[in-house]
Amino acid sequence: MTDICDEIYDAIDEANKKGFPHTNWPVYMPTDRMDEVKSLLDEYTHMEVYEKGHTIAGEDIIPDPFVVSPVVLPRDTNDIPGYQTYEHPPEKLLEQVVDAYAESHTDTLRGTTNYMTTAFYEVKDEHRRLDSNTLREYGLTHSGEYDKESDELERMKIGFQATTEFAEEVDIEERARRQLVDGVKEHIHHVSRQPIRKTRTRTIKGPYPVLDVEHTERIRVGTKYKHYGGVLLKCIDTRVQKLQLPTKNPPQFGVMKD
């Protein structure tokens, strides 16, 4: 297994390569590897501990249950430069994104409260697959299949619903927050599927022309797939549906789409 000290230095080197201003950023560490960190700190001499405090390579170590390997990131999402997306974002940063967009709506008639938030996900690629047998059977034509990489971020809404009775028994605000954070995390590798349908109109003949019936069918001829990747840890003021990823010298704000 890789030495934890080497992994921490690798994470710092990665931040250097990306040109991040990470002087005061901590290293987020998988919670289940904190024993290795403690053992490493115990190996320091008293003078090293005195000079660096409880740090490694001069960096603060923050345990986090969501990260899978050491990563150097800021404590506040506002300090993240550009449009960086992360497949395993730290929980503390993900909470900030959830809180920024959190809203709730109470339905007094049904006795429920809906808690919602939104997050932007990287669309890694899209596929379209057609059922050639169905197209041939119904005599339909359709544009071809494709596999393409995307260059945009797409907003997704995450929700949690609670009944009035349930809300009276627990700390519903904290429970809802926990559910929303977990929901945003689980959707990072989401795959959406959308049916492709083709319309066919036929005339069903009756005994007399006046009794002829126009019959329209919507036939499923394939499926569109969209694969999502990392989540954006930056709050967007405008509630747009999509964001195009800048290709060179990313500005503070990207091109927004309604």
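The values are calculated or read from the model by the stated rules, or taken from the named source; none is laboratory data. Keep in mind it's a predicted model, so treat the numbers as computed, not measured. Cβ sites come from the backbone with ideal geometry, for glycine too, and all protein chains shown count toward neighbours.
Just a few scattered comments:
- Criterion: out of contact with any Ser or Thr (no Cβ under 9 Å at 6 or more places or on another chain) and basic (K, R) - qualifying residue of R218, R178, R202: R178
- Residue pairs meeting the criteria (Cβ under 8 Å; at least 6 apart or on separate chains; first touching a residue at least 60 places away in the same chain (Cβ under 8 Å), in region 123-152; second surrounded by 12 or more Cβ atoms within 10 Å (Cβ to Cβ) and among the aromatic types (F, W, Y)): V123/Y228; K124/Y228; E126/Y225; H127/Y225; R128/Y225; R129/Y225
- Beta carbons closer than 6 Å, at least 6 apart along the sequence or on distinct chains, pair a first residue in region 157-175 that is within 23 Å of F120 (Cα to Cα) with a second that is among the hydroxyl-bearing types (S, T, Y) for K157/T118; I158/T117; F160/Y115; Q161/T112.
- For region 103-122, the count of residues that are in a helix (DSSP H, G or I), in contact (Cβ under 8 Å) with a residue 12 or more places away in the chain and at negative phi is zero.
- Positions within region 131-158 being closer than 26 Å to H187 by Cα and either not assigned by TED's automatic domain parsing to the domain that holds V181 or not in a loop (DSSP other than H, G, I, E, B) (or both), in sequence order: Y146, D147, K148, E149, E152, L153, E154, R155, M156, K157, I158
- Qualifying residue in region 202-224 (condition: at pLDDT 95 or above and closer than 30 Å to Y86 by Cβ): yes
- Residue in region 114-122 that is surrounded by fewer than 16 Cβ atoms within 10 Å (Cβ to Cβ) and either under 23 Å from T238 (Cα atoms) or of a type in the set (K, R) (or both) present: yes
- Selection over region 17-43 of residues that are part of a helix (DSSP H, G or I) and under 25 Å from the mean Cα position of the chain (by Cα) gives a count of 4.
- Any hit, region 71-84, residues being in contact with a strand residue (DSSP E or B) (Cβ under 9 Å, 6 or more places away or on another chain), among the aromatic types (F, W, Y), surrounded by 19 or more Cβ atoms within 10 Å (Cβ to Cβ) and modelled with pLDDT of 90 or more: no
- Meets criteria (surrounded by 12 or more Cβ atoms within 10 Å (Cβ to Cβ) and either at pLDDT 85 or above or farther than 24 Å from L94 by Cβ (or both)) for I172: no
- The single condition among (1) in contact with a helix residue (DSSP H, G or I) (Cβ under 8 Å, 6 or more places away or on another chain); (2) modelled with pLDDT under 90 that E43 does not satisfy is (1).
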